[in-house]
Amino acid sequence: MRKVGFATLVAAATMVATPVLAEPVLIENVKGYTVRNGELVRFDALVFGEDGKVIATGTNKELVKAHAGAVKRDGRGKVMLPGLIDAHGHVGGLGETLTTIDLSSTASLKAALKQVSTYAAANPKAAWIRGSGWNQVIWKLGRFPNAAELDAVVKDRPVWLERVDGHAGWANSKALALAGITRDTKDPDGGRLERDPQGNPTGVLVDKAMDLVVKMLPAKTEADRSANLTAALAHMARLGLTGAHDAGVEAADIDVYRKFADEGRLTARIYAMVGGVGEDFKKVSAGGPLLGYGQDRLTVRSVKLYADGALGSRGAALIEPYSDDPGNRGLLFKKPEAMQADIETALKAGFQVNVHAIGDAGNREVLDAFEGAFAKVGGRDLRNRIEHAQVLALTDLPRLESLGLVASMQPTHATSDMNMAEDRVGHERIRGAYAWRTVLNQGTVIAGGSDFPVESADPFFGLHAAINRTDHEGKPVAGWHAEQAMTRVEAFCAFTLDAAYAAHQEKSLGSLEPGKWADFILVDQDIFAVDPQLIWKTKVAETWVGGRRVFPAGR
C-alpha cells in the first residue's frame with residue numbers, strides 16, 4: 001500500500017486547468033501546494049491544456065517563459081490546492097437536506113419543533129413533511145423525542161425526520177398509523193422500535209425498523225433525483241469538493257449521474273458505491289464495472305454493505321454491552337455467513353467492497369468476512385474498505401493492514417461524538433476508537449470523508465478535526481485524545497491523494513502533476529501556515545474541475 005510520510009517543502013513544476021479554449025491556460029501568481037512522492041510541493045503557477053489536464057507547475061518566471069502562448073490568468077496571490085475529495089458522503093441525501101427540513105443546527109427540541117411547524121405551514125401541499133439532522137444528545141434531552149411532540153405541531157399529515165446519523169427516524173402518529181405500526185409490531189432483524197413502559201411505540205425507529213415507515217414514502221422520481229443532485233453539486237462546488245464517493249446508490253441514481261455527465265452538468269467526479277448486492281447490483285454489474293465515464297466524471301466499481309448501526313443511537317454492534325446501557329450490545333445487520341456471502345458476490349463480479357462498520361463487533365464481523373472471502377474467491381487487490389472503522393478492538397486494528405484494507409474514516413465524527421463516545425464505550429475501548437495515528441503508523445491508508453449530510457460537507461471542517469481533534473471553539477484545549485491526531489500533511493493527503501487511492505484513481509486525481517486532471521481550488525488562507533485552530537474558517541474563492549471553473553459559475 002502507498003504510504004504518505006511526513007512532508008518537506010520543495011519547489012515543483014506541474015499544474016494546469018483548461019476551460020474550453022484551444023490554447024493552454026496559465027494561472028500565475030498563486031501560492032500552490034500539492035503532494036508528490038510523499039512530499040509537500042510548493043509552486044507559484046500552473047499550466048493546463050485544452051484537454052483539461054495539467055501540463056506543468058513551477059515558478060511564475062519559468063512557466064511564463066515556457067508557455068508564452070498560453071492564456072494568462074492572475075491568481076491574485078490566492079492559495080491553490082488540488083481539488084478536495086470526500087471519500088464518504090451521500091450526494092442525494094445532501095441534496096434532500098438542502099431542499100427539506102434541516103434540523104442539524106437546532107440546539108433544543110423546542111427549536112426543532114418550531115422549525116417543523118414553520119416548514120409545514122409554508123408547504124401546505126406537501127403530502128409528507130420530511131427532514132433530517134436532529135440529535136437528541138445536542139438537545140441534552142436525555143431521551144429520544146416522541147410522536148406526541150410532533151403531533152403537537154403537525155397532526156394532519158405524516159412527518160418523518162431522520163436522525164443526524166441516518167440510523168434512526170422520528171415519526172408522528174399519522175406516519176406510524178400509515179405504516180401500520182402498533183404495540184403488536186415486532187422489532188425486525190437489525191432494527192428496534194423505541195417503546196414506552198407499556199410497550200407502545202414512541203415514534204422513534206432505529207436502523208432496520210426505519211424501513212417500516214420509509215417504504216410508505218412517495219417514490220422518488222427522476223425529477224426528484226435531478227433536483228437533489230443539482231442542489232448537492234452546487235453546494236459541493238462552493239466548498240471546494242471536486243470529487244465524492246457516494247456511499248450507497250440505486251440504479252436510478254446512476255442513470256441520473258450518466259445523464260448529467262452526458263449533458264456536461266456533472267461538476268464533481270462521482271465514485272458511486274452500489275447499495276448492496278440485490279437487484280440494483282445485478283442490473284448495474286451486468287456489464288462489469290463502469291470506469292471513467294464522461295471524462296472520469298463517473299465511476300461505478302464498488303459496493304456498499306452495512307454491518308451495524310451508529311453509536312449515537314446505540315445501534316453500533318459492540319462485543320460487550322454499552323457502558324451507559326448495560327443491557328444493550330447494539331445491532332448486527334447480518335449473520336456472519338450472510339456478510340461473507342455478500343462480500344464474495346461483489347468480489348467475484350470484480351467490484352470493490354466497502355462495508356459500513358462502527359462498533360467493535362461490527363468491525364470484527366467484517367474483518368472475519370473479508371478474511372474468509374479472500375480465501376475463497378480472492379479480490380484482496382481491489383483495495384476493499386471499511387467505512388467508518390470507528391471503534392475497533394485493539395487486537396483487531398492490525399488486521400486492517402494485514403488484510404490490505406483501506407480505512408475510510410470521517411474526522412468530524414470524532415469531534416461530533418466526543419460528547420458521548422466515551423460514555424458509550426468506556427475508557428478502555430475508546431483507545432481503539434477514532435484511532436487515526438495508530439492506523440497510519442501501521443501503514444494503513446486513511447481515506448478522509450465527512451459522511452455528509454450527517455456532518456457538514458465542508459472539507460476544511462474535516463481537516464480541522466483531523467489535525468486538532470477539537471471543536472471550532474478550540475475545545476478541549478489539548479484536543480480530545482490528541483495522541484491520535486494527524487499532521488497537516490497526513491490530513492491533506494487523506495482528502496486528496498489517499499482518497500483518490502481508495503478509488504483506484506491516484507494516477508489521474510488527487511494531486512497536481514503532469515497528465516492528471518486539472519482539478520483545483522483557490523482559497524483565502526494557507527492551511528499549512530495558518531494557526532491550525534483557524535483551518536475550519538478557510539473559504540473557497542474558485543473551484544475548477546478538468547480545467548473548467550465550476551464555482552463561481554462561468555469564467
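Summary of computed values
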| read-out | value |
| --- | --- |
| Residue among 140, 174 that is at pLDDT below 95, open to solvent by 20 Å² or more (accessible area, probe 1.4 Å) and over 14 Å from residue 205 (Cα atoms) | 140 |
| Candidate set from the stretch 41-50 (those that are in a strand (DSSP E or B) and open to solvent by less than 10 Å² (accessible area, probe 1.4 Å)); member that is farthest from residue 542 (Cα to Cα) | 41 |
| Residue within the stretch 126-134 that is open to solvent by 10 Å² or more (accessible area, probe 1.4 Å), polar (S, T, N, Q) and assigned to a strand (DSSP E or B) present | yes |
| Residues within the stretch 440-462 that are surrounded by 24 or more Cβ atoms within 10 Å (Cβ to Cβ), over 28 Å from residue 131 (Cα atoms) and either without any contact (Cβ under 8 Å) to a residue 60 or more places away in the chain or of a type in the set (D, E, K, R) (or both), tallied | 1 |
| When residues of the stretch 379-415 are limited to those that are farther than 20 Å from residue 89 by Cα and of a type in the set (Lys, Arg), the one surrounded by the fewest Cβ atoms within 10 Å (Cβ to Cβ) | 380 |
| Test set (1) surrounded by fewer than 24 Cβ atoms within 10 Å (Cβ to Cβ); (2) at pLDDT 95 or above - residue 500 fails condition number | (1) |
| Residues of the stretch 240-263 satisfying the condition of being open to solvent by 30 Å² or more (accessible area, probe 1.4 Å) and over 14 Å from residue 299 (Cβ atoms) | 248, 250, 252, 255, 259, 262, 263 |
| Single residue of the stretch 116-125 satisfying the filter (open to solvent by 60 Å² or more (accessible area, probe 1.4 Å) and not charged (D, E, K, R)) that is farthest from residue 172 (Cα to Cα) | 122 |
| Sole exception among (1) surrounded by fewer than 24 Cβ atoms within 10 Å (Cβ to Cβ); (2) touching an Asp or Glu at 6+ places or on another chain (Cβ under 7 Å); (3) touching a residue at least 40 places away in the same chain (Cβ under 8 Å) for residue 376, by number | (3) |
| Residues being surrounded by fewer than 24 Cβ atoms within 10 Å (Cβ to Cβ) and under 19 Å from residue 508 (Cα atoms) - total across the stretch 269-283 | 0 |
| Options 391, 353; residue that is modelled with pLDDT of 95 or more, out of contact with any Lys or Arg (no Cβ under 7 Å at 6 or more places or on another chain) and aliphatic (A, V, I, L, M) | 353 |
| In the stretch 62-83, the residues that are hydrophobic (A, V, I, L, M, F, W, C) and either surrounded by 14 or more Cβ atoms within 10 Å (Cβ to Cβ) or touching a Ser or Thr at 6+ places or on another chain (Cβ under 9 Å) (or both) | 63, 64, 66, 70, 71, 79, 80, 81 |
| Subset of the stretch 525-555 that is in a loop (DSSP other than H, G, I, E, B) and touching a strand residue (DSSP E or B) at 6+ places or on another chain (Cβ under 6 Å) - its residue that is surrounded by the fewest Cβ atoms within 10 Å (Cβ to Cβ) | 555 |
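The values are calculated or read from the model by the stated rules, or taken from the named source; none is laboratory data. Computed from a predicted structure; not experimentally measured. Every residue, glycine among them, receives a Cβ derived from its backbone with ideal geometry; neighbour counts consider all protein chains shown. Ligands, DNA and RNA are stripped out before the accessible areas are found, and what is left, the full protein with its side chains, is counted by its heavy atoms. Shrake-Rupley method; radii C 1.70, N 1.55, O 1.52, S 1.80 Å.
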